[in-house]
Amino acid sequence: MAYKVGIRMQPLMLPTIIDDYVGPQDPVRVYDAFVDALDFQALGISLEPQAGADEYYPKDMMKLVIYSYSYGTRSSRKIERNCHHNLSFQWLMGGLKPDYRSISRFRSTYKEQIKKVLKQCVHMCMGLGLIEGNVLFTDGSKFRANASINNTWTKEKCAKYLTKINEQIDRLIEDCEHLDQDEDHSSLVQLKEKIDDKEKLVQKIQKSLQQLQDSQKESINSTDPESVKAKGRQGTHAVYNVQSTLDNKHGLIVTAEAVSHSNDSNQLSGQLQAATDVLGHKPQHSCADAGYTGVEDTQKIDPGINIIVPSQKQAQEEKGQSPIKPFDKKHFVYNKDNDEYICPEGKSLKFKGFTSEDQSKRQYAARACECQVCPHFGDPDDGHCTQSVYGRRITRLRDEEFKEQLEANYRKPENQAIYKLRKEKVEHPFGHMKHNLGAGQFMLRGKAKVDAEVSILSTCFNIARMMTIIGISELITRLNSG
């Protein structure tokens, strides 16, 4: 048996024209056609030559950035390397090889314009009949920021470090005075440099402390102040919470945004409004998980949209985490006319006032003497109602009626069927970005730049889905004809 051995000195000839470097079915041709179909004037990018030093054609640079992200390459240095060694990149750029500074500068300069690419991608998908916009699913996922959790500061941490560093500075100053008396100038210079470094660190911490006071945040990251501290499966990190809204028909992304919040609470109305603006019409149904439960936020949504969101308690019940007890609040009937609750034994719980910590919560209580003689008086863990000497108490939200309507709407069979579809759709884009594209952590810092990355990643996901649904040849034809 012989071995196959390559011969490096064997003469070979590449195709005579760069266009033959890739075949007609190569995916790079889709990305080329997609960017050619973009309206750069609407993006806010001028294609007319400007006065000054020569620069690369913006359309070519946009192709390079989007295709690189789809290839799982986000570092500007690695993109430059691919332009030298990868035939598909050479084909895309027509043989041009921009350096990493030019690539990084383009991505940074046009971050606001790049954020608009996803919107045009959605409009293309609508024109191709791939997005309907009738049923939308919203979900969030945490992506690590380009910042260390060790650079996260709280007021307590700032105070502790300032005290410690000031003590170190005082000791260094004392050492300087001794060295000055001994005329040891070389060591004196080194100590003064250390003092300068400590003073710069003090200024950095004081700046973080001022930002904490101005923003009213509990913590802030000095490397990327717009990132947030959050706990995930892999520990606690500085993160951005990426919100994504998908269309039901093919699971394509309609909108995506990185928000500076550690959870999904109070995000649904804003994400749904953004999706409505992109689509040009409001959807019939909007579906999200229990993390988006928030009565005040949900009330902001157009009442003509069917909201399918379970409450936290409904989600826990479905998982078997919170079994319904015999004397749970749901077994008490609210009488709106008399503003009272009626317990399973027919006793009345009257309105007693608002809770001390929250004026939006109304408190109802039964008479203590009636509860103490009730056969169900005892430990709730043993199946009884209450063992409080003050009688059974129930708290009602100011918007409890709206909350009950949402819970009842979620339980409808037709809405349960839609919610089941949500579970099949929302994780696909995040899985593609994090695992296929290796984008579990952002390359850039600051919300504006991170949003540009989110737009590119979402666009790459949509293009990959478009190729799967339509086919490469047909998609190229449709994009070129559009």
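Since every read-out is calculated from the coordinates, none of them should be taken as a lab result. None of these values were measured; they are calculated from a predicted model. Cβ coordinates were reconstructed from backbone atoms using ideal geometry, including for glycine residues, and neighbour counts include every protein chain displayed.
In percent, what relative contact order does the stretch 18-114 have, based on Cα pairs under 8 Å that are 6 or more apart in sequence?
Value for the stretch 18-114: 34 percent.
What's the FRET efficiency of ASN263 with TYR56 using the Cβ-Cβ distance as r and R₀ = 51 Å, to the nearest 0.05?
0.80
Once the Cα atoms of the stretch 391-448 are picked out, what are the Rg and Dmax in Å?
When restricted to the Cα atoms of the stretch 391-448, Rg and Dmax are 19.9, 58 Å.
Starting from the 7 Å offset along Cα-to-Cβ, what nm value, one decimal, do you get for the label separation of ASP382 and ASN338?
My value for the distance between the label points is 3.0 nm.
Add -39500 (n - 2.57) for each DSSP H run of 4 or more in the chain, then divide by its residues: what number comes out at 222 nm, to the nearest 500 deg cm²/dmol?
-14000 deg cm²/dmol
Please give the peptides 327-339, 439-451, 99-111 ranked by average Cβ packing (other Cβ atoms within 10 Å per residue), highest first, as a rough proxy for protection.
The densest-packed peptide leads the list: 439-451, 99-111, 327-339.
Which lysines does LYS194 reach when only Cα atoms under 16 Å apart count, and residues fewer than 8 places away in its own chain are ignored?
LYS164, LYS204
Suppose a student asked you for the relative contact order of the chain, using Cα pairs under 8 Å spaced at least 6 residues apart; what percent would you report?
Rounded, it is 20 percent for the chain.
Starting from the Cα of LYS207, draw a straight line to each of the aspartates and glutamates and keep only those under 14 Å, dropping any in the same chain fewer than 8 residues away.
Qualifying aspartates and glutamates at Cα under 14 Å: GLU199, ASP224.
How big is the stretch 282-350 in terms of Cα radius of gyration and Dmax, in angstroms?
For the stretch 282-350, the Cα radius of gyration and maximum Cα-Cα distance read 15.9, 46 Å.
Based on the mean of other beta carbon atoms within 10 Å per residue, what is the order of 74-82, 138-146, most packed first?
138-146, 74-82
So for the stretch 1-128, Kirkwood radius off the Cα pairs, Stokes-Einstein at 25 °C and 0.890 mPa s: how many µm² s⁻¹?
149 µm²/s
Taking the stretch 274-315, how much of its Cα-Cα pair set, in percent, is spaced more than 14 angstrom apart?
Result for the distance tail: 51 percent.
Viscosity 0.890 mPa s, temperature 25 °C: give me the Stokes-Einstein translational D for the stretch 329-398 in µm²/s, with Rh taken as the Kirkwood radius over C-alpha pairs.
Calculated translational D: 197 µm²/s.
Just check the stretch 281-404 against the gyration tensor rule for me: Cα atoms, a ≥ b ≥ c as the square roots of the eigenvalues, rounded for a/c under 1.5, and otherwise prolate or oblate depending on whether a/b exceeds b/c.
Prolate.
Using the structure shown, select from LYS78/LYS434; LYS249/LYS403; LYS78/LYS200 the pairs with a Cα to Cα distance greater than 22 angstrom.
Check vs 22 Å cut-off fails for LYS249/LYS403; LYS78/LYS200.
Going highest first, how would you order 56-62, 153-159 by mean Cβ packing within 10 Å?
Ranking the peptides 56-62, 153-159 by packing returns 56-62, 153-159.
If one computes P(r) from the Cα atoms of the chain, what percent of pairs lie at distances over 43 Å?
Percent of Cα pairs beyond 43 Å in the chain: 38.
Subtract the Cα-Cα distance of LYS78 and ASP302 from 0.36 nm times their separation in residues, and report this length gain in nm to one decimal.
76.0 nm
Students often get this wrong, so check it: of LYS231/LYS361; LYS63/LYS449; LYS229/LYS447; LYS330/LYS420, which have C-alpha atoms separated by over 23 Å?
Flagged as over cut-off: LYS231/LYS361; LYS330/LYS420.
Dividing the Cα convex hull volume of the stretch 24-92 by residue count, how many Å³ per residue is that?
108 Å³
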